[in-house]
Amino acid sequence: MKDTRSNRSIFIALGLVVLFGSFSLGAQSSAKHHWNSPSEVVKKVRKTFSDLKAYKADFVIQTESNKKVVTKKGVCYYKKGGKIKYEFSDPSGDEIVSDGKTLWIFIKRLNAAGKQDLTLNKSNKSGPIFSPMTEEGLSRIFRKYHYKFESIEQPQISPKDNRQYFVLALEQREKIGGYETMTLYVDAQTSFIKKAIASDGRGKTTTVEFFGLDPNADVEDGVFNFRPDGNSKIVNNPLVSEE
């Protein structure tokens with residue numbers, strides 16, 4: 001029982017990464033825009049994500065808690081229909097894979113796989129859980145959080161890459177756990193959310209940053225298939241209870 005609970009806590013941590021990271025992608029556009037309100041920025045991000053068919057991008061995830069920093073990185077793939085895959089190069093061998101119906105979280109060092117049914121719905125009021133992996137889920141995120149510009153001057157020029165970003169501050173409408181606040185950095189030219197920073201109520205901060213987005217990537221459906229070997233420990237529905 002103790003091992004199962006330990007595995008569940010790890011799966012929950014990685015699952016939150018999926019919830020946090022997967023919604024924050026927008027398609028590239030060459031058009032120039034003159035947004036002047038946070039609602040217009042959000043509208044554009046939702047529109048570009050709904051138009052996105054597939055992508056491939058590098059990612060870096062950094063988590064800071066109790067003065068300890070953990071960095072993970074790899075390549076992520078997306079295809080319309082809720083299909084997504086995070087392929088980790090560090091730690092090598094870890095994977096988060098979904099075909100839109102089932103989410104697998106594989107932790108190589110434990111040889112354990114969490115199998116999450118994405119159709120579980122405790123209240124039947126808000127649609128399938130983990131829907132931020134879809135364009136519908138992106139809409140739900142902005143319904144669940146209040147959002148505003150972080151400061152009056154928008155967009156801001158980043159000293160890191162000299163690009164302009166609209167910076168959105170999000171806060172949970174109801175404190176229901178998970179990430180209570182988020183900060184999104186929206187590229188003013190491409191509508192791509194380059195970076196997102198999220199914090200929970202216990203002082204843990206997670207930063208997800210994307211690089212080298214290819215919105216024209218030819219991503220095959222087979223990328224999103226996952227089959228654990230016969231020796232892997234399987235933990236069913238580690239991220240939510242059916243009760």
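The values are calculated or read from the model by the stated rules, or taken from the named source; none is laboratory data. The structure presented is a predicted model; accordingly, all values stated were derived computationally and were not measured. Positions of Cβ are generated from backbone atoms using ideal geometry, with glycine treated the same way; all protein chains shown enter the neighbour counts. These area figures cover heavy atoms from the full protein model, side chains too; ligands, DNA and RNA do not enter into them. Shrake-Rupley method; radii C 1.70, N 1.55, O 1.52, S 1.80 Å.
If we sort 216-224, 57-65, 186-194 on the protection proxy, mean other Cβ atoms within 10 Å, highest first, what's the order?
Most protected by this proxy first, the peptides run 186-194, 57-65, 216-224.
Suppose each label sits 7 Å from its Cα in the direction of the beta carbon; what would the Lys204-Asn236 distance come out to in nanometres?
So the two model labels end up 2.6 nm from each other.
Keeping all protein chains in place, calculate the accessible area per residue for the stretch 134-243 (probe 1.4 angstrom), answer in Å².
57 Å²
What length, rounded to one decimal in nm, is gained on full extension from Arg227 through to Ser89, with 0.36 nm per residue of separation minus their alpha-carbon distance?
Stretched fully, the Arg227-Ser89 segment lengthens by 47.8 nm.
Structure shown: which of Lys44/Lys194; Lys56/Lys108; Lys53/Lys115; Lys160/Lys194 lie over 20 Å apart, alpha-carbon to alpha-carbon?
From Lys44/Lys194; Lys56/Lys108; Lys53/Lys115; Lys160/Lys194, over 20 Å: Lys56/Lys108; Lys53/Lys115.
Just add up the charged neighbours of Asp99: K/R +1, D/E -1, any other residue whose Cβ is under 10 Å from the Cβ of Asp99.
+3
Taking 0.36 nm per residue of sequence separation and subtracting the Cα-Cα distance, how much length would be gained by fully extending the chain between Lys68 and Ala169, in nm to one decimal?
33.9 nm
Between Lys101 and Asp214, with labels modelled 7 Å along Cα→Cβ, what's the label distance in nm to one decimal, could you check?
Between Lys101 and Asp214, the label points sit 2.9 nm apart.
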